[in-house]
Amino acid sequence: MTREIDETDETNRNIETTGARIPVRNSRRRFLQLGAGALAATTLGASSVAAQDAVTEACGSSDTLDVGGGDFLLINNEWGADVDMCIWAADDGTYGYEWATRTAGGDPNYPEVLLGTKPWGTESGVDAFPVPRGDVDELELTFDVDVAIDGENWNLAEEWWLMDGEPNPDGPHTHEIMLVLDWGDEHSHGDPVAPGAIEDAHGNVIDHWISYDSGGTDADFHIFRLADPTTSGTVDLTAIMSYVETEIGGVSDDLLLSGIEVGNEYWSGTSGDVTFNTLDVAINGRTYSSGDGSTVDDGDGGDGDNGDGDGSDGDNGDGGDRDVPAWTPDEIYTAGDRVSHDGVVWEAQWWTRGQEPRDEAWYVWQRVE
């Protein structure tokens, strides 16, 4: 298996953007339901409403959007199968992707966000990557992701590559290293080969799940997982780097670390809606930030609930509405906005106007517990 687009496909490997980047004012779900062809047709000539739009969307295979002030690259990585899938970026800094139910088998799709570079040359343009592995003294990932997925064969995973040369079309990668943060019940690599192999500086216990001779490329593929899966927290990735060096071996200080990728692998039978509220990477004293600036608790890592859509926004959970404005049908709301209605606090999942809050799966309004 691999997280990378088929390296035999020149266009996909270089991830050239072939589709339009589309500002939208309606629910992203509607566009997925229409399908990619209808989406293109319905948005032609839509410039009259563009000034009011809060979300920019791209729905072509391998399309990209700049996020995090241009330091990160959001990629519509339709690697395994043709699926109606869109990436999006909102004016408030949040971003993400969603896809309709995948029916085809085969390798996973991997919509993702990239900081740094890939072995084949796709890059987000930051100067911190690639970097010699031996020069990395600090490497931390802070994340807060709302994951709402139907179906059980999926994961939320971070990964990087080690390379024995600068990125090039042939791919100089020698190792692919993945940390699975959360996953569905049907996603498995069997029992961990080394349960509890690592404890990082934040108290995260990390299992060495499995190692493969390859993951769809010639690189050795090492998979780790959080023993307590979560969609919010901070992980010290140098702890994994040290384990690979001392317990697995075969890595030298001069191998180049490509960058950091975070996304969702998913297989047949899944549909999903994923929002990145926060994704920050700290490396050697410098922090690259993306999202809306939400504060992430790096303590116990949260409860790993995948469908509540409430993120890690610091709400005290009492459901009170003393400081939350009442919902009004003519007001425009964007992702993260909160309103009170019928004695309940609701949070918008994307751009909306005129849609009354109510309890309904996959609806624009979700109850704040």
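Results, tabulated for the structure shown:
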| quantity | calculated |
| --- | --- |
| GLY291 vs. criteria under 17 Å from the mean Cα position of the chain (by Cα), under 15 Å from GLY96 (Cα atoms), buried (at least 18 other Cβ atoms within 10 Å of the Cβ) and modelled with pLDDT of 50 or more | yes |
| The listed residue being surrounded by fewer than 19 Cβ atoms within 10 Å (Cβ to Cβ) and in contact with a Pro (Cβ under 8 Å, 6 or more places away or on another chain), out of GLY165, GLY171, GLY151 | GLY165 |
| Search result, residues across segment 224-238 that are under 17 Å from TRP161 (Cα atoms) and assigned to a loop (DSSP other than H, G, I, E, B) | LEU237 |
| Selection status of GLU159, at pLDDT 95 or above and crowded, with 23+ Cβ neighbours inside 10 Å | yes |
| Long-range neighbours under 7 Å by Cβ, at least six apart or interchain, first residue closer than 16 Å to ASP273 by Cα and touching a residue at least 40 places away in the same chain (Cβ under 8 Å) within segment 334-353, second assigned to a strand (DSSP E or B) and among the polar types (S, T, N, Q) | ALA335/THR275; GLN349/GLN366 |
| Only one of GLY216, GLY196 that is on the phi > 0 side of the Ramachandran plot and at pLDDT below 95 | GLY216 |
| Residue satisfying condition, being more than 19 Å from ASP273 (Cβ to Cβ) and not β-branched (Val, Ile, Thr), within set ASP63, ASP84, ASP91, ASP71 | ASP71 |
| Any hit, segment 178-189, residues being without any contact (Cβ under 8 Å) to a residue 12 or more places away in the chain, of a type in the set (Gly, Ala, Ser) and out of contact with any helix residue (DSSP H, G or I) (no Cβ under 8 Å at 6 or more places or on another chain) | yes |
| Where a residue in segment 248-272 is touching a residue at least 12 places away in the same chain (Cβ under 8 Å) and its partner, wherever it lies, is among the polar types (S, T, N, Q), with Cβ under 6 Å and at least six apart | SER258/THR117; GLY259/THR117; GLU265/ASN155; TYR266/ASN109; TRP267/ASN153; SER271/THR101 |
| Residue satisfying all of: in segment 190-210; part of a loop (DSSP other than H, G, I, E, B) and surrounded by 17 or more Cβ atoms within 10 Å (Cβ to Cβ); nearest to the chain's Cα centre (by Cα) among these | ASN204 |
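The values are calculated or read from the model by the stated rules, or taken from the named source; none is laboratory data. Everything numeric here is computed off the predicted structure, so don't read it as measured data. FYI the Cβ positions are ideal-geometry reconstructions off the backbone, even for glycines, and counts take in every protein chain you see.
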